[in-house]
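Q: What follows is a single structure, and I will ask about it in a moment.
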Amino acid sequence: MPSAYYLDLSTYIGNANLVDVGPIATIATSRNTTLLLKVPVVWRNSVHDAIYSNPTAAYAFRPSGGYTATMPQASFTWRATRHVTFSLDGEYVFASKALIKTGASSGAYVQSNLELTF
């Protein structure tokens, strides 16, 4: 079952033709902070289609397909007040050999969000 959720760093390579599964843990580090850890392993559902980045670019077709990447992730969320939430997300993509042959590479991604709720 795919584990990607809205604004998850995994979604930057798109969900078309991909399946991911892996452990996930959410730890309440204090009353107003949480730490989410997950390690999805991603593979191509069909080797007869490309892997798409959002929104339309495609990597070249690789008939050897299969395993695509492992993406350990962490997300720290701090609810500063009832109306202000800050989160910091980080991920490293360990790209497969097949993905690297198409021009992709392994790399780190960082994202921060400030949410104002009224």
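Q: 5 Å is the cut-off here: which amide hydrogens, built 1.01 Å from N in the peptide plane, fall below it relative to T68, excluding neighbours closer than 5 in sequence?
A: The answer is V42, W43, R44.
Q: With θ set to phi - 60°, apply the Karplus curve 6.51 cos²θ - 1.76 cosθ + 1.60 along the range 81-86 and write out the HN-Hα couplings as whole Hz, x wherever there is a Gly or Pro.
A: Whole-Hz 3J(HN,Hα) from phi for the range 81-86: 9, 4, 10, 10, 10, 10.
Q: Pop out the ³J(HN,Hα) list for the range 92-108 in order, Karplus 6.51 cos²θ - 1.76 cosθ + 1.60 with θ = phi - 60°, rounded to Hz; leave Gly and Pro as x.
A: So the J values, rounded to whole Hz, are 10, 9, 8, 6, 6, 4, 5, 5, 5, 4, 7, x, 7, 8, 6, x, 9.
Q: Give the long-range amide H neighbours of S106: residues separated by 5 or more places, or on another chain, with amide H under 5 Å away, using H modelled in the peptide plane at 1.01 Å from N.
A: A95
Every number here is computed from the coordinates shown, using simple stated rules; none is lab data. Since this is a predicted model, take the numbers as computed values, not measurements.
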